[in-house]
Amino acid sequence: MLAMDVVDTLRHREAHLDKLVNEATDDKALLERVRRIYKAQGIDVPDRVIRDAVEALKEERFAYQPAKPGFRRKLATWYVNRRRWGKKVAGGAAAAAVIGTGVVGYNGYQGLKESGLHSHFQEVATQAAAVARTEPAKAAVSAATESARSAVALGGDNATLAVDELERLSERITDSYTLRIVSEQGEKSAVYRFPPGRRDVRNYYLIVDALNANGKPVNVLVTSEEDNATKQTSRFGVRVTEAAFEKVKADKLDDGIIQNNIVGSKKSGALTAEYRLDSNGSAIFKW
């Protein structure tokens, strides 16, 4: 509880926090600052508690993470407000709701769930079609939309999952970001790996951060080519040719700074990123 209180105190001093927490060299300064804050209140906080609180803050362990948009969240909101809409359907008596071009009858919560999913699907499908700009993006949306349409017609949990998947695809297509090579002190900018069972072949990767227009990290859905594991992360390795790898290596060794640090970018409306360096788009998130 004390660690959580320290986190809360730090959050109210965000201007200082942004400068100190993000720089490992200022850990001592941060500890001393928090110690002074609590000493002024007559509270003696052990350094261990302060360090735990700072780590928790960096990991956003105590930060509220809102549920992702989707039909499940919308349905939960409807259920919480069931008394309000329950009155409109005469306490659960049969009523009709116009969905799309037809009329769907429902009785209470179950009916609202069924008709609501149809309505949500139409909303998501329209949004997905509107954001897709490139041919690959349009093809992906078309396939996902038909899959979700079939699942909704059959009903069941698979219907909700299919619509949610279409919504996630729409969000991925909407995202835009730049892939910038990591260059901070103590972090790797590039790595090479041996494929499983092969010591005569090297795969080369540049470690990049996905950043939005404001320079803030953007979580990207990444699938590792090594084990097909999937993860949402803003930092990952992009596979490039040996020539591209050596070019970046020489750039960094020249003066310690990578001048040409942009690997590629993802435009809103596109399905995948476009690369400035030779890359097949494969990725890893462990090295």
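Convex hull over the alpha-carbon atoms of region 123-200: what's its volume per residue in Å³? Before the final figure, lay out the partial values.
Working: hull volume 15.5 nm³, N = 78.
Given the Cα convex hull of region 123-200, per-residue volume reads 199 Å³.
For region 46-52, just list the computed ³J(HN,Hα) in residue order, Karplus coefficients 6.51, -1.76 and 1.60, θ = phi - 60°, integers in Hz, with x standing in for Gly and Pro.
Going residue by residue, I get x, 4, 4, 5, 5, 4, 4 Hz, with x marking Gly and Pro.
Please give the FRET efficiency for Ala129 paired with Asp157, using the beta carbon to beta carbon distance and R0 = 22 Å, rounded to the nearest 0.05. Write down the numbers at each step before the final one.
Working: r = 25 Å, r/R0 = 1.13.
After rounding to 0.05, the efficiency reads 0.35.
Multiply the residue separation of Ser147 and Lys286 by 0.36 nm, subtract the distance between their alpha-carbon atoms, and state the gained length in nm to one decimal. List each step's numbers first, then the result.
On the way: separation 139, 0.36 × 139 = 50.04 nm, distance 3.23 nm.
Net length gain for the segment: 46.8 nm.
Can you tally the net charge around Arg202? Count Lys and Arg as +1, Asp and Glu as -1, for every other residue whose Cβ sits under 10 Å from the Cβ of Arg202.
Numbers: positive: Arg193, Arg198, Arg199; negative: Asp200, Glu242.
That sum, taken over residues with Cβ under 10 Å, equals +1.
Considering only the other residues whose Cβ falls under 13 Å of the Cβ of Glu226, what net charge follows from Lys and Arg at +1 and Asp and Glu at -1?
Details: positive: Arg193, Arg198, Lys231, Arg239, Lys286; negative: Glu225, Asp227.
Around Glu226, the charge tally is +3.
Each value in this text was obtained by applying a stated rule to the coordinates, not by laboratory testing. Small disclaimer: the values here were computed from a predicted structure and weren't measured. Because the Cβ atoms are built from the backbone with ideal geometry, glycine has one as well, and the counts that use them run over all protein chains shown.
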